[in-house]
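So that we are looking at the same thing, I have put the structure below in structure tokens.
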Amino acid sequence: MAVHKNASPLQMIGLYLWKHKMLYLLSIPGILYFVVFKYVPLAGSAIAFQDYNIFKGFSGSAWIGFKNFDKMFAYMEFVRILENTLLIAAYDLIFAFPAPILMAMLLNELRGMIYKRLVQTVIYMPHFLSWVIISGIAIGLLSQEHGIVNHLRSWIGLDRVYFLGEESYIKSIIVGSGVWRDTGWGTIIYLAAITGINPEQYEAAEIDGASRWRQTISITLPSLLPTITIMFLLQIGHFLDFGFERVFVFLNSLNQSSGDTLDTYIYRVGLLQQQYGYTTAIGLFKSIVGLALLVTGNALSKKATGEGLY
């Protein structure tokens, strides 16, 4: 389509949109999803500054400024739950984030394609199980009377332990179950990045006498660095957003004080006790912290590696 040299900017935009109209039509469902479910709900953040009454709505509820935020840090219960969330999120970042990277590099070393695809399928499968099923499997394995873990402990002469009733174990159970469930799924991105590495680099390294281990350290890992950086930035953006269902299915009256996170606290106080303004303030606090971590991490990443989200 020819464009006149004297066309106005609006005409240029219109011609460009018309030229790529099919691409924009295909993008409409995605755009609508983000508008309806991501941007429109942002208006609800105003509840954080109100003594919100569900019957009076936005316009009828009294504005109370930052009192809900003052309430957050005035209660020791919130401080304890924030500490739990930070610890669980930190453990997840330390142990769960590197797991798919290591798994992808190990799978890349398998030479038998049939065996490689079989292993990939097996480690992908847990991702498609709901957290209710995952918790049922974990409870079955860790049961004090019938769990295989306690049977092994008895076999070697150790006492049986009620793992889900001990506060000291709940964080490890939550993080460990997440590692088992999502490690295989996370390898998809890293395996795709590995397939994009020029094979001539490996051939040249092999001619120079580099071992497989040396090739992994000097070629595979550096080539994965841009992908690792992007995935890391995406994860720290959700640092406090650990997920409700993932934690809630493992909680009981014995381990709640150590396993309770901001998401389960919001459910208990916001929905069950109907403190909508207070819990909206907590959600807004989570979003601000995530945004600050994302912006800071992106700036540091661009300075250190030259890679970033924007």
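Just one of (1) buried (at least 19 other Cβ atoms within 10 Å of the Cβ); (2) more than 20 Å from residue 186 (Cα to Cα) trips up residue 242, so point out which.
Every condition holds for residue 242 apart from (2).
If you take just the helices (runs of 4 or more DSSP H) that sit entirely in segment 18-93, which of them hold at least 2 residues that are surrounded by 14 or more Cβ atoms within 10 Å (Cβ to Cβ) and among the charged types (D, E, K, R)?
Working: elements: 21-34, 57-60, 67-74, 76-91.
So the answer is 67-74.
With respect to residue 109, determine if the residue is within 23 Å of residue 174 (Cα to Cα), modelled with pLDDT under 90 and of a type in the set (Asp, Glu). Can you show your working first?
Values: within 23 Å of residue 174 (Cα to Cα): no; modelled with pLDDT under 90: yes; of a type in the set (Asp, Glu): yes.
So residue 109 does not fit the description; no.
Would you confirm whether any residue within segment 140-163 is in contact (Cβ under 8 Å) with a residue 12 or more places away in the chain, within 21 Å of residue 93 (Cα to Cα), assigned to a helix (DSSP H, G or I) and in contact with a Phe, Trp or Tyr (Cβ under 6 Å, 6 or more places away or on another chain)?
no
Considering only helices (runs of 4 or more DSSP H) fully contained in segment 176-286, which possess at least 2 residues that are of a type in the set (Val, Ile, Thr)? Before you say what the answer is, go through the steps one by one.
Working: elements: 199-207, 212-215, 221-236, 244-248, 256-259, 262-266.
Here the list reads 221-236, 262-266.
How do the pairs read when you match residues in segment 12-36 that are not hydroxyl-bearing (Ser, Thr, Tyr) with residues anywhere that are not in a helix (DSSP H, G or I), using Cβ under 6 Å and keeping only pairs 6 or more apart or on different chains?
15/3; 19/1
Just to be sure, is residue 292 in a helix (DSSP H, G or I), in the same structural domain as residue 89 (by TED's automatic domain parsing), farther than 24 Å from residue 53 by Cβ and at pLDDT 90 or above?
Numbers: in a helix (DSSP H, G or I): yes; in the same structural domain as residue 89 (by TED's automatic domain parsing): yes; farther than 24 Å from residue 53 by Cβ: yes; at pLDDT 90 or above: yes.
Considered against the rule, which asks whether it is in a helix (DSSP H, G or I), in the same structural domain as residue 89 (by TED's automatic domain parsing), farther than 24 Å from residue 53 by Cβ and at pLDDT 90 or above, residue 292 comes out as yes.
For segment 256-282, which residues satisfy the criterion of being of a type in the set (Gly, Ala, Ser) and either within 16 Å of residue 171 (Cβ to Cβ) or surrounded by 20 or more Cβ atoms within 10 Å (Cβ to Cβ) (or both)? Before the answer, list the steps.
Our first condition is that a residue be of a type in the set (Gly, Ala, Ser); within segment 256-282, this holds for 257-259, 270, 277, 281.
Across segment 256-282, the qualifying residues are 257, 258, 259, 277, 281.
What number of residues within segment 197-226 satisfy the criterion of being exposed (fewer than 10 other Cβ atoms within 10 Å of the Cβ) and of a type outside the set (D, E, K, R)?
4
Exactly one of (1) at pLDDT 90 or above; (2) over 26 Å from residue 270 (Cβ atoms); (3) of a type outside the set (Asp, Glu) is unmet by residue 134. Its number?
Of everything listed in (1) at pLDDT 90 or above; (2) over 26 Å from residue 270 (Cβ atoms); (3) of a type outside the set (Asp, Glu), residue 134 misses just condition (2).
The values are calculated or read from the model by the stated rules, or taken from the named source; none is laboratory data. These numbers were taken from a predicted model, which means no experiment stands behind them. Neighbour counts are summed over all protein chains in view; Cβ atoms, including those assigned to glycine, are modelled from backbone coordinates with ideal geometry.
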